[in-house]
Structure formats: C-alpha cells, structure tokens
Amino acid sequence: MTEQANTSELKVLTSNSSFPVLDALAAAYARAAHRHYGVQADTARKILARIKDGETADVAVLAATDIEELAQLGILAHGSLRPFALSRVGVAVRSGAPHPDVSSVEAFKQSLRAAKSIAHTVNGASGRYVPLLLERLGLAQEMRSKTVTREGGYIGRVVAAGEAEIAIQQIVELLAVPGIELVGPLPDEIQKVFPTAAGIFTASKQPQAAEALLQFLLAPAATPVFREKGLEAVTVQDRA
C-alpha cells in the first residue's frame with residue numbers, strides 16, 4: 001500500500017509542555033489535511049524513557065537535546081530534525097489571589113520570602129531548574145520547609161486546589177491549568193529559556209505525511225496558537 005493511500009492517524013509523542021499547542025492545532029490540521037493526528041504526552045523524563053524502551057510513533061516533539069540524542073541513537077531521522085518552539089518559566093497564583101511582584105529579581109525574592117508556600121515539579125525542565133534558581137538566589141534553605149513538590153505534571157493544579165500559594169513552571173504548562181492566573185514570566189536576569197525540537201521516527205510508516213504535519217505545525221499561520229498557549233514558535237519562515 002502506498003503512503004498516499006494510507007490515511008491512518010499519525011501518532012505524536014511529546015512532553016507535557018508541548019501538549020497544549022499540539023492539542024490546540026489538531027482540529028485545524030484535520031480540516032486542512034483531511035487526516036488526523038493523536039498526541040500522547042507524559043513528563044519529559046518518562047516520554048524519553050518510553051521511546052528509548054522501544055515505543056515508536058511518527059513524530060516526536062521534545063527538548064532539543066533529547067531530540068538530538070534520539071537522532072544520534074538512530075530512533076529519529078537526523079535529516080528530519082528542526083527547531084519547534086521556545087518556552088519560558090513563569091509564576092502563577094490561584095484565581096482571584098493577589099499577584100506577587102515579579103518585576104525584578106529583588107522583588108521576586110521578596111515575593112518568595114513573603115509566600116506561605118511555593119510549588120514546583122521535581123522532573124521536567126522547569127522542575128529541575130527551580131532548585132538551582134533558589135540556590136542562585138540564596139533562598140534554598142529558607143524555602144525548603146515551604147516548598148511543595150510533585151514528580152511531574154501541571155504543578156498549577158496544586159495551587160488551584162489551595163495546596164500551595166505560588167506555582168513556578170513553564171508558562172505553557174501554567175496556562176493549561178484552570179483555576180489559576182499567570183502573574184508573569186521570571187525576570188530576564190534569572191529567566192530560563194527551553195528550546196524544543198521535532199523529528200520523524202525512522203520507524204514511521206508514513207514519513208511523507210509526518211513531514212507534511214511538521215510543515216503545518218511550523219507554518220507562520222500557526223504562530224498565534226503558539227503565542228496563545230505560552231510558547232514562542234520557531235516557524236519554517238524563521239528557519240529559511
């Protein structure tokens with residue numbers, strides 16, 4: 001059977017930080033391409049482990065370093081790799097709660113000191129960054145007793161449930177949680193930008209369709225959706 005005749009659903013494996021935009025663009029892709037893609041997401045660490053353990057798909061969207069590693073292992077086609085998006089870390093509180101001042105590094109430090117509790121994940125890109133940030137700010141010891149952690153997932157759910165006052169995570173993940181409000185990004189001096197990338201599995205039985213999907217996702221027309229979900233798109237036009 002030729003690929004042109006094969007209209008089975010494409011499968012995309014991704015981390016929680018890229019799921020919102022991929023999910024949001026699925027309907028538009030179905031209308032444009034007359035086919036569908038399904039997205040499976042997990043924490044960055046778990047989805048990478050699943051792929052290394054043999055799970056396959058058509059497309060992967062992960063941290064740029066993970067995508068490069070998978071290409072080096074021969075799991076992704078090296079020629080198919082391309083930048084996907086840039087993600088930044090932000091701060092959120094429960095809906096209706098006062099917004100702490102995060103306008104400068106000093107203001108952010110004072111806001112953390114004044115908070116009754118903060119929350120971050122343990123795994124995931126931003127989850128691994130927050131402890132380093134607290135060390136850098138000289139607050140690690142002071143914040144230890146009032147820090148709530150989860151292994152992974154959307155930490156904003158902890159704040160929405162009233163189990164912590166401030167959530168620190170990638171902005172795209174904070175915006176995905178109902179019941180909380182984004183306060184803003186971290187100050188530029190302590191901001192962490194996480195680049196993501198995409199690639200096609202060497203085992204994909206629909207590589208041409210997978211390439212067409214990446215072209216759709218990275219077209220300038222998709223940029224507003226990336227922005228709405230808290231990401232900065234790296235479009236085909238940007239890479240030209």
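The values are calculated or read from the model by the stated rules, or taken from the named source; none is laboratory data. Here the structure is a predicted model, which means the values were calculated and not measured. Positions of Cβ are generated from backbone atoms using ideal geometry, with glycine treated the same way; all protein chains shown enter the neighbour counts.
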If you check 125, 167, which single one turns out to be of a type in the set (A, V, I, L, M), surrounded by 15 or more Cβ atoms within 10 Å (Cβ to Cβ), farther than 15 Å from residue 93 by Cα and touching a strand residue (DSSP E or B) at 6+ places or on another chain (Cβ under 6 Å)? 125
Just checking, does segment 170-177 include any residue being buried (at least 23 other Cβ atoms within 10 Å of the Cβ), outside the structural domain of residue 62 (by TED's automatic domain parsing) and out of contact with any Lys or Arg (no Cβ under 8 Å at 6 or more places or on another chain)? yes
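Residue 101: touching a Phe, Trp or Tyr at 6+ places or on another chain (Cβ under 8 Å) and buried (at least 22 other Cβ atoms within 10 Å of the Cβ), yes or no?
So residue 101 fails the test.
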With the condition kept exactly as written, say whether any residue in segment 128-148 is under 20 Å from residue 86 (Cα atoms) and either basic (Lys, Arg) or touching a Phe, Trp or Tyr at 6+ places or on another chain (Cβ under 6 Å) (or both). yes
Apart from one, (1) among the hydrophobic types (A, V, I, L, M, F, W, C); (2) in contact (Cβ under 8 Å) with a residue 24 or more places away in the chain; (3) within 26 Å of residue 135 (Cα to Cα); (4) outside the structural domain of residue 229 (by TED's automatic domain parsing) all hold for residue 63; the odd one out is (4)
Is it the case that some residue within segment 95-106 is farther than 30 Å from residue 134 by Cα, among the hydroxyl-bearing types (Ser, Thr, Tyr) and not in a strand (DSSP E or B)? no
Among the residues of segment 28-43, is there at least one that is in contact (Cβ under 8 Å) with a residue 40 or more places away in the chain, under 18 Å from the mean Cα position of the chain (by Cα) and under 23 Å from residue 170 (Cα atoms)? yes
For the subset of segment 128-164 comprising residues that are free of Cβ contacts under 8 Å to residues at least 24 places away in the same chain and of a type in the set (A, V, I, L, M), which member is surrounded by the most Cβ atoms within 10 Å (Cβ to Cβ)? 134
